[in-house]
Amino acid sequence: MTSPDNFQYPTGPLIIHTTHEEGAVTQTHPAETISAAQPAPAAPTTGQPYEYRRTPLVEPDWTRFPGWRHISRDQWESAQWQRTNCVKNIKQLRTVLGDLVSETFYADLEADQKALATMSMLVTPQMLNTMVPFESMSTDALYADPIRRYMIPVASDRRTDWPSHPYASRDSLHEHDMWVAEGLTHRYPTKVLAELLSTCPQYCGHCTRMDLVGNSTPAIDKLKLTLKPVDRYDAHISYLKAHPGVRDVVVSGGDVANVPWKNLETYLMRLLDIDTVRDIRLATKALMGLPQHWLRADVVEGLERVARTAARRGVNLAIHTHVNHAQSLTPLVAKAAQTALDIGVRDVRNQGVLMRGVNATTPDLLDLCFALQGEAGILPYYFYMCDMIPNAEHWRVPVGHAQQLQHDIMGYLPGYATPRIVCDVPFVGKRWVHMLTEYDQERGISYWTKNYRTSIESADLAALNKRYAYYDPIDTLPESGQTWWAEHRDD
Ligand code: SF4
């Protein structure tokens, strides 16, 4: 894996590039930048930049951790055991890792939690077990681990020059602003996002819904859902019945794995009773983070009832999960995905997040996509650019780098399983990374347009003629761009 410190940012594919000295417009050709963007292939035998070799999934041995030395397979495969033994604080992490990791690491973690973290700590044993999976656990190995980098962030990971972009915000996608009922975001014309609850079985450090999801941290006081769940769900159903133009519901949170199954099934069956709803997508990172949940007998039986009803009514029922690195895929994750497919869920798709130090290199993305597609039965669908939330600059990559990655992963996977890398542009929605209309790479500002109004712009006739800005992380800009931002820091 490429360390973020070794990152080289290509200038990207052919784009319009504005320089500010003279306001001149120049063009950059991909051929000029390819050598900077190519990963150094490890002794290829085919001469290709990426060499595919089938790699079977393996469940790392959890008994390598002192705290789990005596944990049986039955315990490990129990969702209840996994939930009870989640790591929620440094003391619990010490109990599991013992002295495999030095005090420096724990102090670094504590410093992050006290002042910088936007998410509280919650790591399932399943996920912790995929950190440093096949070599000896050590402080250095844990620091360098891609899963650790986003699930257990430490203070020294974060940037000190630009920890947050000046335009970063707590609800960077304005989902809350677009609520049409509590937890129901109507952003796209035909689709809604239904946040049923604000918790997950695991908390990701980069969570885009850090405004709402999880417990408050010293740095972030979270927004609270105030309605009783039953009233919230009623409000969603009423809105959908009154708006037949909405045909697609992403049922999310948080993570639907934290909704008591009976309540989730009731909600889904009510959605299936609305004949204008044609797509239902269940958002659950837990398919990977806690596959034991999706293998529970009552959950499998209930999901089968829902899938059968969806099939009878011609509704596309899918699961969307969130896997960021091939290390996270184990036989148990594949079993959970395959079980969902076997009982009639139409598809299981992955929406990963592109992050420096985690997966933002061509080999990391392709390794992950081949493991998803070839071993786990999960379709590589999207990679989102990490959103502009506070304290996330060390994870974010510039749009030009995302464009280069999209270029570099083409042609290896089947076309239908080649993921799109997308930028979720505030007030716009997701756009493929090559869809920008102009890109100022000196200041790291890309401009985007849109072809629909969100629910807060129904009366804004100019909304479709505007350009909307997205910002690259400042530390990745050329020196002149960084100077410009330093001079305009307080504008
Ligand atoms: S699982 Fe999704 S909603 Fe939950 S913390 Fe992670 S990114 Fe946020």
Check your understanding: Remind me, relative contact order of the range 62-157 in percent, using alpha carbon pairs under 8 angstrom and six or more residues apart?
Key -> 31
**Study point:** Most to least packed among 108-117, 214-223, 389-398 [average Cβ atoms within 10 Å]
**Key:** 389-398, 108-117, 214-223
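What does the highest-first list of 399-407, 164-172 look like by mean Cβ count within 10 Å? Before the final figure, lay out the partial values.
Numbers: 399-407: 24.9, 164-172: 16.9.
Result, highest mean Cβ count within 10 Å first: 399-407, 164-172.
If I compute solvent accessible area with a 1.4 Å probe over the protein chains, what percent of it on the chain is carbon and sulfur?
Solvent-exposed carbon and sulfur of the chain make up 52 percent of the total.
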Study note, to complete from the structure: Net charge (Lys, Arg +1; Asp, Glu -1) of residues whose beta-carbon lies under 11 Å from that of LYS335, LYS335 excluded, is -3
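Net charge near GLN403: determine it from the other residues with C-beta under 12 Å of the C-beta of GLN403, scoring Lys and Arg +1 and Asp and Glu -1.
Details: positive: ARG420, ARG431; negative: ASP408, ASP472.
Combined, the nearby Lys, Arg, Asp and Glu give 0.
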Point to revise | Sites ASP273 and LEU227, calculated FRET efficiency, Cβ-Cβ separation with R0 30 Å, nearest 0.05 | key: 0.90
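Expressed as a rounded percentage, what relative contact order does the range 351-475 have, with Cα pairs under 8 Å and six or more residues apart? List each step's numbers first, then the result.
On the way: 186 pairs, mean separation 27.9, N = 125.
In percent, rounded to a whole number, it is 22.
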Check your understanding: How would you rank 48-58, 410-420, highest first, on the average number of other Cβ atoms within 10 Å across their residues?
Key -> 410-420, 48-58
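If you count only protein heavy atoms with a 1.4 Å probe, what accessible area per residue comes out for the range 62-157, rounded to a whole Å²? Walk me through the intermediate numbers first.
Details: 4030 Å² over 96 residues.
Ligands and nucleic acids excluded, the figure is 42 Å² per residue.
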Review point. If ligands, DNA and RNA are left out, what is the accessible area of PHE65 with a 1.4 Å probe, given in Å² to the nearest 10?
Key: 0
Review point. If SER446, SER198, SER480 are ordered by their accessible area, calculated over protein heavy atoms with a 1.4 Å probe, which sequence runs from highest to lowest?
Key: SER480, SER198, SER446
Review point. Cα centroids of the range 394-461 and the range 159-177: how far apart, whole angstrom?
Key: 17
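Pulled fully out, how much extra length does the chain show between ASN465 and GLU103, if you take 0.36 nm times their separation in residues and subtract their Cα-Cα distance?
Working: separation 362, 0.36 × 362 = 130.32 nm, distance 5.50 nm.
Here the segment from ASN465 to GLU103 would lengthen by 124.8 nm.
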Check your understanding: In what order, largest first, do ARG94, ARG312, ARG158 sit by accessible area if the probe radius is 1.4 Å?
Key -> ARG312, ARG94, ARG158
Exercise for review: With all protein chains present, calculate the accessible area of MET269 using a 1.4 Å probe and round the result to the nearest 10 Å².
Suggested key: 50
Exercise for review: With only Lys, Arg, Asp and Glu charged, each at its Cβ (+1 for the first two, -1 for the last two), find how big the charge dipole of the chain is about the Cα centre; round to the nearest 20 debye.
Suggested key: 1840
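Determine the gain in length on full extension of the stretch SER72-MET410; use 0.36 nm per residue of separation and subtract their C-alpha separation, reporting nm with one decimal.
Details: separation 338, 0.36 × 338 = 121.68 nm, distance 4.24 nm.
Result for the pair: 117.4 nm of gain on full extension.
The values are calculated or read from the model by the stated rules, or taken from the named source; none is laboratory data. None of these values were measured; they are calculated from a predicted model. Quick reminder, even Gly has a Cβ in these numbers, built from the backbone with ideal geometry, and neighbours come from all protein chains shown. With ligands, DNA and RNA removed, areas are computed over all heavy atoms of the protein, side chains included. Shrake-Rupley method; radii C 1.70, N 1.55, O 1.52, S 1.80 Å.
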